[in-house]
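The structure appears right after this line, and notes come after that.
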Amino acid sequence: METFQIIVLLLDATFRVATPLVLAALAGMFSERAGVVDIGLEGKMLGAAFAAAAVAAVSGSAWVGLGAGILTSIALSMLHAYACVTHKGNQVVSGMAINIVVAGLTPTLGYAWFSMGGQTPSLSGDARFKSIILPFAESSRDIPIFGYLYVELISNHNIIVYLAAAAVPICAWILYKTRFGLRVRAVGENPHAVDTAGISVDWLRYKALIMTGFLCGIAGSYLSTAHGAGFIRDMTAGKGYLALAALIFGKWRPVPTLFACLLFAFTDAVQARLQGVDLPLIGVIPVQFIQALPYILTVLLLAGFVGKAHPPKAIGEPYIKER
Amino acid sequence: MAEEKVKFGAPLKIPGWVNYALIPLVNLIAALLISGVVILIIGDNPIEALKVLIYGAFGYPEAVGYTLYYTTNFIFTGLAVAIAFHCGLFNIGAEGQAALGGIGVGLVCLYMDWMPLWMIIPFAMGAAAIFGAAWAYIPAYLQAKRGSHIVITTIMFNFIAASLMTYLLVEVLIDPNGQSPESRPIIETTWLPYIHEVVSMPKTPLNLSFVYALILSAGFYFLVWHTRWGYEIRVVGQNETAARYAGISPSKNIILAMMISGALAGFVGVNEIQGVHHRLILDFTGGYGFAGIAVALMGRNHPIGIFLAALLFGALYQGGSELAFEMKSINKEMVIVIQGLIILFSGALEHMFRPKIEAIYRRFAPARPVEAR
Amino acid sequence: MSEQSPALELRRINKSFGPVHANKDISLSVDRGSIHGIVGENGAGKSTLMSIVYGFYQADSGDICVNGQNCHIENPQSSIEAGIGMVHQHFMLVDTFTVLENIVLGVEGGYRLSAGLASARKELIRLEKEYALEVNVDATVGDLPVGLRQRVEILKALYRGAEILILDEPTGVLTPQEADHLFRILDTLRDQGKTVILITHKLREIMAITDNVSVMRRGEMVAHVKTSETSKAALAELMVGRSVLLQVEKEPARPKDTLVAVRNLTYIDADDVPRLKDINLDLKAGEILGIAGVSGNGQSELLEVLGGMLTPTSGSIRFEGKELVGSKAFAARNLRKIGFGHVPEDRHRSGLVLSFSANECTVLGYHDKPEYNRGLRLDRRAMVETCQTYIEKYDVRPPDPYLKASGFSGGNQQKLVLAREMEQNPDVLLVGQPTRGVDIGAIEFIHKQLIKMRDAGKAILVVSVEIEEVMSLADRIAVMFDGGIVGELAASEATEAQLGLMMAGVRDASSGAKAAV
């Protein structure tokens, strides 16, 4: 029973860690499937986390905070679009610039506005998303195994965790079953085909990047108003890059990307638990190794040692009409 | 990077000073203007801030020493990113390569400290270069032979390097007499000479590696434009098919350029570990690797431009600390904002002002026939 | 809309790209229900004109009238709405999509795909029947052969309700037989009342299928004629502005020893597709061997293998009796050292580095020769001096060794490449598409240079997709189809019809051709 409990606790932690990864990776999916490289997920998340916490602290409402987080992230995404789509700038440089600007701006503004060493005030009450007890959680507690799983694993998460779970099928539906999705997939493969079909390549990419900003905004807000209780500087700590790795590991498809996020989150949960534990046969695994594991796995995938990833064909290239 | 589409007979050649001086300057001014707005928002006076910044960077001899000490790091990483650019590669991994270079220097200074300084110097440099190059070799090999995108792999390698560094300092190299994750100090006989020990100036961290940086800049120029190896790297960077046609191996040159890049980034370790901190510490790379991208972009991948851009960034770093000290609502992260904005304007938005500036130039420049050039 | 008004009328269209006046005062009238040809050399402005009609570019001035009504076409969308469809030279298809998905792209019929796809499927099957354009709507486009992809493009236009169909160089990638099939399709379209505009530089096609033809030269419209009232020679003259020397003046070849013997050469690419199948060829000193064929049938790979850029999967290449395959010499760099020269098919893709100056391009592939190096240092002065001599000898304009390669015109770029490869005085010269995108004056010059090298006893291989060029330049012609050599014949005995059949893969073409005639 104890192992079972440990596994359930691990999975519970996995879900919590995976939530921002899933949302950010799905965000990256819209951008990259539309042919725009987005290494700026990190910066957008960080910006959203700051805005959400700051506004939630002032307004006292987590929902208003979430709105501010989303708007901030969309604004940053539009900056990316303005640089890369309108001005055909280098997409990697633009993403990089956004990450650096936000990394500097959030503590600068935080310091100026709240005078708490770059943090925002600690959130409590309605300013923070609280865990939700799902219906029948109490009454089903006595059902063997299922009841325990329902109460400990499925129930008792905040709304954004459920939102992330729902986002996967919704995004998959948008990508594969709607006109917008068809066009996004087309513009990432061959923007010329989209242009000659009478669709504006630029506007389409802008729309995809709005989606990216929207999802990334939720991911960032989760960090500061649901998972945490306030903004701490550099609180994304590489999660944006990890989400990007998960997106690549999931070969730019929604469901495999979800599993990649869960895998990466699981290694994180395991690492927290394995700290200093002497495993039989293996001995103590250095924490740092487990921390580096997602990145090592992604490199191995990119190297073609674990399957083969086919990125969208037109990714990274600004669209220029040719004569 | 500098992928030039065949334009329809650009009528009037835009002179170098527009390209290499005016446009970077306009981009810089735009970045500074936005930074000024940020300073206004947080309730300070941007003009005052600029004054403090400039005074803090160049106003007194000690400040100049600090500025040049930071400049040294930016030259190393700027050159590192630039050589990769010349080969058509985007090396985001200078941060990780610098960390590895530091490990190399640290190991030499910690465990070969019986050697006299004149022997330690080449060994430490060699170790920095080899460790940095080796760390760059893996992504380069994967790009060249297996087509793995180097932007992504170098990002991943930064994280792996950070984990490796933490592991080494927490578990292996940690000072047995200390608590924090850092090595024992290296003995004084292995320290790189400070410039103030040679020239009469106040005590600053500026050390011999600044001279290395200048020598390497000259070497960079010679290598890229005046040797057949540089020629090959540039051919590969501009047109890989043409390289294969000419019998120039793209994969060999990709690996070569990335290893040079990694080695250059590794020298940050020399400046920081052997020159200043005198022990192996965490996070001594402090974002220099990422800033190298901005330096290379602003410096147009040319050593002179890189020196000027590095000086600008060095001044920002040094002036920024002064700023955080002098002005109440500004802290040192403001420098990161300015740095990010410079990358944004001179990199991502480089095409925003260029057509307008060129158009203005064309309107006011005397008309000349095309052939006259 | 009145029945008398032309389907499409252009009035005084002007378009400039920077200093280049690509279209000057172009007027054009296309009758409804006709096939109208537009001919002109490469760079005459045909594609620009049609891109304006399709809304890809905006004209600087001028009017476009569809069915007598002035249309303001500002993007492809408004062009589609006006009933204009276009089949581009490079297909505008998404390879990873199915035929159906490709066709509905842009006209999905609602934000949800499923309903739109179902109704589109019905409509498509109807269209396929009506115009005899069968293609499996669920096939992935990337898996389809070129001919079928073109059909998808035509269907795409028809599905959007195109009344006017523009085809830009549609036969460039087709065998003559596939092209004939396309022409039958176009006939059907005309019979159904559609208007077809065919852009091409191939006179054979104009004569074979069009009702009217307009000729463009250097951005201007120089003539409108009825096809039945003109001839190939007359059109050719209009295209270039003076009578053309179609035949290259040359003495009969005096072939000597075989310099390069290719035996059973096979090349399978990384995707496991066989690109070269069992090739046997002899290159003889003092002779030009021409390779004819529709582009994409292995000619590029043949050149790249012989140039040392690709390693063959099996087979042998002997040079002066010594085996090259597997030897150290078999690499682009080393082949140059033992006397191979290589003028590549595509000077932009491989022959030049466009951002380099002319003098830097002068040493491409030869940059490690002692004359350009002094110890560690690259001797830049020697590079400039060499470039200067090439420029004088080959009359490259502008005569500036510091000008970037991208600043020269196509013909002058080609001269730079030819100068570099010929001036090394190679024993074997491989030449791909010697005159692609080169103006007529330079063509003559280039042909003469090649003949001169032949007469100096060099072995020359010329690959060209222009049948006429191969026929006039080569002494012997080998025809490639689907990676193999279909047959080989003396140039003096070859006819265009016969070569056409061979290009379609008909092995015993000599008898077949006679039967057909």
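Here, each number is a calculation from the coordinates, and none is a lab measurement. None of these values were measured; they are calculated from a predicted model. With ideal geometry, Cβ positions are generated from the backbone for all residues, glycine too; neighbour counts draw on all protein chains shown.
Some notes on this structure:
- The charge dipole of chain B, taken about its Cα centre with unit charges on the Cβ of Lys, Arg, Asp and Glu (plus for the first two, minus for the last two), comes to roughly 1580 debye.
- For C:92-102, mean number of other protein chain Cβ atoms within 10 Å: 5
- Tensor-based shape of chain B (alpha-carbon gyration tensor, a/c under 1.5 rounded, otherwise prolate or oblate): oblate
- Overall form of the range B:241-373 per C-alpha gyration tensor (a/c, 1.5; a/b vs b/c): oblate
- With Cα atoms as the point set, the radius of gyration and Dmax of the range B:16-98 evaluate to 16.5, 45 Å.
- Sorted by Cβ neighbour density within 10 Å, fewest at the top, the residues A:Cys216, A:Cys171: A:Cys171, A:Cys216
- Residue-count net charge about B:Ser321 - beta-carbon cut-off 13 Å; Lys, Arg +1, Asp, Glu -1: -3
- Built amide H within the under 5 Å cut-off of A:Asn158, gap 5+: A:Ile132
- Pairs over the 32 Å Cα-Cα cut-off, from the set A:Lys44/A:Lys251; A:Lys321/B:Lys332; C:Lys256/C:Lys369; A:Lys44/A:Lys88; A:Lys239/B:Lys145: A:Lys321/B:Lys332.
- Links that overshoot a 22 Å alpha carbon limit, given the list B:Lys51/B:Lys328; C:Lys404/C:Lys458; C:Lys284/C:Lys448: C:Lys404/C:Lys458
- Dipole check for the range A:1-76: with +1 at the C-beta of Lys and Arg, -1 at the C-beta of Asp and Glu, and the Cα centre as origin, the magnitude is about 180 Debye.
- Chain A: most fluctuating residue of A:Ala25, A:Ala48, A:Ala226 per GNM, C-alpha cutoff 10 Å: A:Ala226
- Mean-position separation - Cα centroids, the range A:220-294 and the range B:16-90, in angstrom: 35 Å
- Lysine pairs meeting the criterion (Cα under 23 Å, 8 or more apart or interchain), as found in the range C:8-240: 19
- Across the range C:167-174, coupling constants 3J(HN,Hα) worked out from phi with the 6.51/-1.76/1.60 Karplus curve, θ = phi - 60°, read 10, 9, 6, x, 9, x, 9, 10 Hz, and Gly and Pro carry x.
- Mean separation of Cα pairs under 8 Å and 6 or more residues apart, divided by the residue count, gives chain C a relative contact order of 14 percent.
- Of the residues B:Leu308, C:Asn280, A:Ile7, the one whose Cα sits farthest toward the positive end of the charge dipole of the protein assembly as shown, with +1 on the Cβ of Lys and Arg and -1 on the Cβ of Asp and Glu, is B:Leu308.
- Net +/- balance of residues flanking C:Arg12 in space, Cβ distance below 14 Å, scoring K and R +1, D and E -1: -2
- When you count the other C-beta atoms within 10 angstrom of each residue and take the mean per peptide, B:242-250, B:57-65, B:153-161 line up highest first as B:153-161, B:242-250, B:57-65.
- Pairs of alpha carbons in the range A:1-150 whose separation is greater than 18 Å (percent): 68 percent
- Projected area averaged over orientations for the range C:8-240, convex hull of C-alpha atoms, nm²: 12.7 nm²
- Other residues lying with their Cβ under 14 Å from the Cβ of A:Tyr111 contribute a combined charge of 0, Lys and Arg counting +1, Asp and Glu -1.
- Peptide A:35-44 has a mean of 1 when you count, residue by residue, the C-beta atoms of other protein chains within 10 Å of its C-beta.
- Degrees, to the nearest 10: A:287-302 long Cα axis against longest axis of chain A: 30 degrees
- Once the Cα atoms are used to define both axes, helix A:62-81 deviates from the longest principal axis of chain A by about 30 degrees.
- When the square roots of the Cα gyration tensor eigenvalues are ordered a ≥ b ≥ c, the ratio a/c for the range B:89-219 is 1.5 or more and a/b does not exceed b/c, which makes its shape oblate.
- Selection from B:Ile260, B:Leu349, B:Leu192, by position along the positive dipole direction of chain B (Cβ): B:Leu349
- Global dimensions of chain C from alpha-carbon coordinates: Rg and Dmax equal 24.8, 79 Å.
- C-alpha center-to-center spacing [the range A:35-63, the range B:108-161] in angstrom: 36 Å
- For chain A, the convex hull spanned by the alpha carbon atoms encloses 150 Å³ per residue.
- The protein assembly as shown - Rg (one decimal) and Dmax (whole number), Cα, Å: 33.3, 102
- Stokes-Einstein diffusion coefficient of the range B:71-136, Kirkwood radius over Cα pairs, 4 °C, 1.567 mPa s, in µm²/s: 104 µm²/s
- Taking a straight line from the alpha carbon of B:Lys252, these aspartates and glutamates sit under 17 Å away, with near neighbours fewer than eight places off in the same chain left out: B:Glu232, B:Glu240, C:Asp368.
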